[in-house]
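The values are calculated or read from the model by the stated rules, or taken from the named source; none is laboratory data. Bear in mind that the values here come from a model prediction, so they are computed numbers and not experimental data. Reconstructed Cβ throughout: ideal geometry from the backbone, glycine too, with neighbour counts over all protein chains shown.
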Amino acid sequence: MSLNLHSVRVTFPDGDHRITALDDVTVTVRAGEMMLVTGPSGSGKSTLLAVAGALTEAGSGTVSVAGTPLAGLGRSQRDRLRRTRIGFVFQQANLLPSLTVTDQLLLIGHINGERPAASRDRARELLARVGLTAKEGRRPHQLSGGERQRVGIARALMGRPALLLVDEPTSALDHERGLQVMTMLAEVTAEQRTATVVVTHDLQYLPLADRVARMQDGRLTVEDPSRAVGRAQM
Amino acid sequence: MFIAFRDLRYATGRFALVGSVITLMSLLVVLLSGLTAGLSAASVSAVSALPVGSVTFEQPADGSEIDFATSSLPVDTVARARALPEVTSVHPLGISTGRVTKDGRTSAATFIGTDTALLPEFRSGTAPGPGEVAPTAGLAAELGVTTGDRLTVGALALTVSGVTLDTSFSHLPVLYTGIADWQQLAHTSTITALGVDTSDRAAVDQALGTRTTSREDAFAGVGGYTSEQNSLDAMRWLLIGISALVVGSFFTVWTIQRRHDLAVVRAIGGTPGYLLRDALGQAAIVLLVGAALGAVAAIGLGALADGVVPFALTVGAVAQPLLIMFGLGLVGAAVAVRTVATVDPLTALGAS
């Protein structure tokens, strides 16, 4: 299993009080499995990604990524884990404006200290996979929203992650492009054998998921996809 | 510096702007350095050319500093100094200013009377004997004289025995002569100072009741030298400080503008060290290119201005202020970009 959370609780200070962002969350996502997490704003979806992505520490409970427990890891060990085992796809793609499409991917190889030739081969392969070979020299502002998200996916896969964390990938896309991106995520999850967690507001993509989970007030309820789809259609 | 190079290519306008500012700062700093060195040479090159380690002045009055213009020593000070065991060589120095004329052409000059051991290298002719003088090349050209010509100083007519390499004192070209002739020119029976080689300056001063300084410290005895150099140095340092602030300000704004991008790099595994190296490398490139362009422009302008203004550039005069400017600029940039190490990768997920 590539992601395992057990009885995870996260709280944040809010004035004189503390708000509970994650409340006793237990979930496992296996390699090759894509789990969609839905829920209203402020329900704790982004916190779930932050904890799974070693960006925030759990207040209690255990989190492990690709068999590595996160508890007790220092900042540099967390950095290394994110570099080598975790891929992020962000809401707005979050591509660096000065980098071309190819460079967005090569940056990962550079950070990881890989040989440039090997990085270039891997980047070429991934850009072909997401259908952007013809646009490898373009910069983010020269791409459509869907293309930017596909670059984001390719970048996230560049380091051969065990865990792919995806934050609202379709929020800025129309239905057709959103469907393309979600379909691609489902495909690469199966091909690259990543454990993929996708946070989304959009219930129309539920059929693409292997599993569906719903966040509500920090609590996570894992549902059967068919039941979740049925509930969404009601 | 993966990101740094690409940022430089992408945001060309912004980096060109700050690079131009650094170029202009560096141009000014190097021009000022050249001017400082040029003015220094015009002021004290006759002193710096003296082949002795020390200069002995009359003991200044309380609260006063050494001054070639007011120093006056009896002639027998030379013999008294020679008798001291700490002294290996002693030469009289007479320094005064006046006008020198040749066929209606008049020029202001500094008259330096001394013995042959303290004269600079000769371009032509020989050291002046009694009734003879040796102008510097510049003064000779100004007056249109060569070896064998006669010059008039006041009521005295003197023969040019030779022409020396250029030196100047207090921004005036020098006319060298023997100490006896100098005393006639200056209407005095004393001398101004001594050029001395000694192992113990304090012992010399104790024995003679004088003030002995190193040759370099004796520059302060040239009227206006210290205040002139201090003013120019203050301007140079101010410019260097301003350029450090400009660089720091630019990189502060630049870092703030791309905080979100930096958070993304942190989120995908970039370490604070990786970001710092990248950001500092970028600052170093901007500084280096800007400063180098400024230096090249300054050297070119200096070459054009040579002869019109006192301007002297050496490798040290160019390299030293540029290195300081580069170092301080990098410190300014380091202070500005240090915050990249504290960027929270969580903000890449939209956290505030």
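Details
- Residue match in segment B:259-273 (condition: touching a residue at least 24 places away in the same chain (Cβ under 8 Å), closer than 17 Å to B:L24 by Cβ, assigned by TED's automatic domain parsing to the domain that holds B:L27 and surrounded by 21 or more Cβ atoms within 10 Å (Cβ to Cβ)): no
- Subset of segment B:15-66 that is hydroxyl-bearing (S, T, Y) and farther than 16 Å from B:L313 by Cα - its residue that is surrounded by the fewest Cβ atoms within 10 Å (Cβ to Cβ): B:S64
- Just one of the listed residues (B:A292, B:A317, B:A336) is surrounded by 16 or more Cβ atoms within 10 Å (Cβ to Cβ), more than 14 Å from chain A (Cβ to nearest Cβ), closer than 30 Å to B:S45 by Cβ and hydrophobic (A, V, I, L, M, F, W, C), and it is B:A317.
- When B:S64, B:S43 are checked against the criterion of being over 30 Å from B:L245 (Cβ atoms), part of a helix (DSSP H, G or I), hydroxyl-bearing (S, T, Y) and more than 14 Å from every other protein chain (Cβ to nearest Cβ), B:S43 stands alone in meeting it.
- Enumeration of residues in segment B:44-77 that are at pLDDT below 90 and either of a type in the set (A, V, I, L, M, F, W, C) or within 20 Å of the chain's Cα centre (by Cα) (or both): B:A61
- Unmet criterion (only one of (1) more than 10 Å from chain B (Cβ to nearest Cβ); (2) over 29 Å from A:Q204 (Cα atoms); (3) within 16 Å of the chain's Cα centre (by Cα)) for A:T56: (1)
- Number of positions in segment A:69-119 that are hydroxyl-bearing (S, T, Y) and facing chain B (nearest Cβ under 10 Å): 4
- Being touching a Ser or Thr at 6+ places or on another chain (Cβ under 6 Å) and in a helix (DSSP H, G or I) is a property that holds for B:A317.
Let's see how each residue does on (1) assigned to a loop (DSSP other than H, G, I, E, B); (2) on the phi > 0 side of the Ramachandran plot:
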site	(1), (2)
A:G131	yes, yes
A:E147	no, no
A:S171	yes, no
A:G178	no, no
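- If you go through segment B:199-214 and pick out every residue that is within 15 Å of B:P60 (Cα to Cα) and not hydrophobic (A, V, I, L, M, F, W, C), you end up with 7.
- Filter pass, B:A267 being more than 18 Å from the chain's Cα centre (by Cα) and within 14 Å of another protein chain (Cβ to nearest Cβ): yes
- The selection criterion, being touching a Phe, Trp or Tyr at 6+ places or on another chain (Cβ under 9 Å), more than 30 Å from A:L105 (Cα to Cα) and assigned to a helix (DSSP H, G or I), holds for B:G302.
- Beta carbons closer than 7 Å, at least 6 apart along the sequence or on distinct chains, pair a first residue in segment B:12-29 that is assigned to a helix (DSSP H, G or I) with a second that is among the polar types (S, T, N, Q) for B:I22/B:S243; B:M25/B:S243.
- Restricting the first member to segment B:340-352 and to residues that are closer than 10 Å to B:L262 by Cβ and within 7 Å of chain A (Cβ to nearest Cβ), and the second to residues that are modelled with pLDDT of 75 or more and assigned to a helix (DSSP H, G or I), the beta-carbon pairs closer than 6 Å and six or more apart or on different chains are B:P345/B:A263; B:P345/B:R266; B:P345/B:A267; B:A348/B:A263; B:A348/B:V264; B:A348/B:A267.
- Looking across segment B:230-264 at every residue that is within 14 Å of chain A (Cβ to nearest Cβ) and not polar (S, T, N, Q), the one that is nearest to the chain's Cα centre (by Cα) is identified as B:W254.
- Each residue in segment A:192-223 was checked for being part of a loop (DSSP other than H, G, I, E, B) and among the hydrophobic types (A, V, I, L, M, F, W, C), and 1 of them qualify.
- The residues on offer are A:A162, A:A123, and the sole one that is within 14 Å of chain B (Cβ to nearest Cβ) and crowded, with 23+ Cβ neighbours inside 10 Å is A:A123.
- Selection count, segment A:64-75, where residues are under 17 Å from A:A31 (Cβ atoms) and hydrophobic (A, V, I, L, M, F, W, C): 2
- Search result, residues across segment B:230-280 that are touching a Ser or Thr at 6+ places or on another chain (Cβ under 8 Å) and under 18 Å from B:I324 (Cα atoms): B:L232, B:D233, B:R236, B:S243
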